[in-house]
Amino acid sequence: MDTLDESIDAARSLVDGAQAITVLTGAGISTDSGIPDFRGPNGLWTKDPAAERASNINFYVGDPAVRRANWAQRAKGSLWANVDPNAGHQALVELERREKLHTLITQNVDELHQRAGSSPDRVIEIHGTTRKVACLECDYRDDMETVLDRVRAGEADPPCPNCGGILKSATISFGQSLIAEDLQRAERAAVECDLFLAVGTSLAVFPINETIKVAHQTGSKVIILNGEATVFDPIADVVLHAGISETLPRIVRAVA
Ligand SMILES: [Zn+2]
């Protein structure tokens with residue numbers, strides 16, 4: 001019989017035996033911090049269709065009203081101002097402390113891994129971050145708060161201070177390509193690791209879900225920890241359908 005405790009033991013043994021672990025995280029690791037998903041019954045976009053429109057690059061670029069509404073919404077108060085990392089994020093910091101972390105790839109845009117203490121140079125934010133702003137024309141980047149201060153001071157749709165271009169949160173919107181360099185780094189991390197750990201992701205988003213396949217095909221062990229089944233469960237050495245903030249600390253021995 002394959003109980004959860006047995007699966008946790010098996011996952012823990014794989015972690016103990018690994019030297020280079022690549023982790024891929026998704027929304028599920030942040031839900032215990034109070035960050036809702038996007039499309040569920042209480043999802044951000046279910047409750048706020050305007051936010052979904054703003055997340056499409058064509059609407060955002062094409063319609064100044066979409067941008068103004070988006071900046072006004074952000075300036076009203078940071079959506080995630082009072083959000084803190086949880087035990088799941090902390091557990092991955094422990095993995096780094098044990099010198100086992102190769103790379104932490106995240107699909108999340110909340111920067112909670114870095115705020116928990118993960119080294120920024122180990123983290124690949126494959127979908128960018130909402131805590132920074134980027135120009136769509138040039139390489140200008142700055143903190144979100146810096147630009148929100150301009151919004152609060154009266155600029156409804158603040159242009160890039162360098163080139164006058166359109167500014168947007170430094171996330172990858174629908175209709176935008178992933179950053180090629182980030183994707184290549186993620187693929188390399190999948191090849192170079194000896195254990196691939198997928199946490200809180202349904203592994204449904206292409207192309208980043210390919211990393212788990214690459215890791216498996218190049219000889220890595222694979223652990224999947226997620227609330228629900230994923231299409232990649234059949235290739236995993238250990239599958240855990242369990243709560244992340246309770247289970248992940250046990251796998252990485254952050255708790256006894
Ligand atoms: Zn610019």
Q: Would you compute the Debye intensity of segment 193-256 from its alpha-carbon atoms alone, equal scatterers and no solvent, and pass along log10 I(q)/I(0) at q = 0.16 Å⁻¹ to two decimals?
A: -0.49
Q | Per residue solvent-accessible surface (Å²) - the chain, probe of 1.4 Å | A | 47
Q. Tally Lys and Arg at +1 and Asp and Glu at -1 over the other residues with C-beta under 14 Å from the C-beta of Q176: what net charge comes out?
A. -2
Q | Derived scalar couplings ³J(HN,Hα) [segment 175-185; Karplus, 6.51 cos²θ - 1.76 cosθ + 1.60; whole Hz; x for Gly, Pro] | A | x, 9, 7, 5, 6, 4, 5, 5, 5, 5, 4
Q) Round to a whole number: what % of the accessible area of the chain belongs to carbon and sulfur, probe 1.4 Å? A) 49
Q: Could you work out how far apart the two model spin labels at Q19 and V231 are, taking each label as a point 7 Å from the Cα in the direction of the beta carbon, and quote it in nm?
A: 3.4
Q | Max mean-square fluctuation residue, GNM over the chain, Cα-Cα springs under 10 Å, options A229, A20, A215 | A | A229
**Q.** Percentage relative contact order, segment 141-256, counting C-alpha pairs under 8 Å, at least six apart
**A.** 17
Q) Using unit Cβ charges (K, R positive; D, E negative) and no other charged atoms, how large, in debye to the nearest 20, is the dipole of the chain about its Cα centre? A) 580
(Q) Based on DSSP loop calls and a cut-off of at most 11 other Cβ atoms within 10 Å, the longest stretch of the chain free of exposed GluC sites (Glu not before Pro) is what? (A) 100-227
Q.
Between V231, V147, V133, where does the largest GNM mean-square fluctuation fall for the chain, given springs only between Cα atoms within less than 10 Å?
A. V231
(Q) What does DSSP give for the chain in terms of the percent of beta bridges that are antiparallel, rounded to the nearest 5? (A) 30
Q | Efficiency of FRET between E210 and D157 - r from beta-carbon atoms, R0 45 angstrom, step 0.05 | A | 0.80
Q. For the charge dipole of the chain, defined by +1 on Lys and Arg C-beta atoms and -1 on Asp and Glu C-beta atoms about the Cα centroid, which residue among I21, I235, G88 has the Cα displaced farthest towards the positive pole?
A. G88
Q) Given the Cα-Cα distance of D5 and E99 and 0.36 nm per residue of separation, how much length would full extension add, in nm? A) 31.3 nm
Q) Over segment 204-256, what is the mean sequence separation of C-alpha contacts under 8 Å (at least six apart), divided by residue count, expressed as relative contact order in percent? A) 27
Q | Test item: Cα-centred dipole of segment 60-99, Lys/Arg +1 and Asp/Glu -1 on Cβ, debye | A | 320
(Q) In whole Å, what are the extents of segment 50-105 along the principal axes defined by its C-alpha atoms, from largest to smallest? (A) 49, 25, 13
Q: Considering only C163, C193, C135, give the residue with the highest GNM mean-square fluctuation for the chain, with springs between Cα atoms whenever their separation is below 10 Å.
A: C163
Q.
Once you compute Rg and the Kirkwood Rh from C-alpha atoms, what is the Rg to Rh ratio for segment 129-256?
A. 1.11
(Q) Among A11, A134, A75, whose Cα projects farthest towards the positive end of the dipole of the chain, with charges put on the beta-carbon of Lys, Arg (+1) and Asp, Glu (-1)? (A) A75
Q.
From the alpha carbon gyration tensor of the chain, can you work out the equivalent ellipsoid semi-axes (sqrt of 5 times each eigenvalue) and give them in Å, largest to smallest?
A. 35, 18, 17
Q | Euclidean distance between Cα centres, segment 225-256 to segment 97-153, Å | A | 25
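The values are calculated or read from the model by the stated rules, or taken from the named source; none is laboratory data. Given the structure is predicted, the values throughout are model-derived calculations rather than measurements. Backbone-built Cβ (ideal geometry, glycine too); neighbour counts: all protein chains shown. In case anyone asks, the SASA skips ligands and DNA or RNA and just uses the protein heavy atoms, side chains included. Shrake-Rupley method; radii C 1.70, N 1.55, O 1.52, S 1.80 Å.
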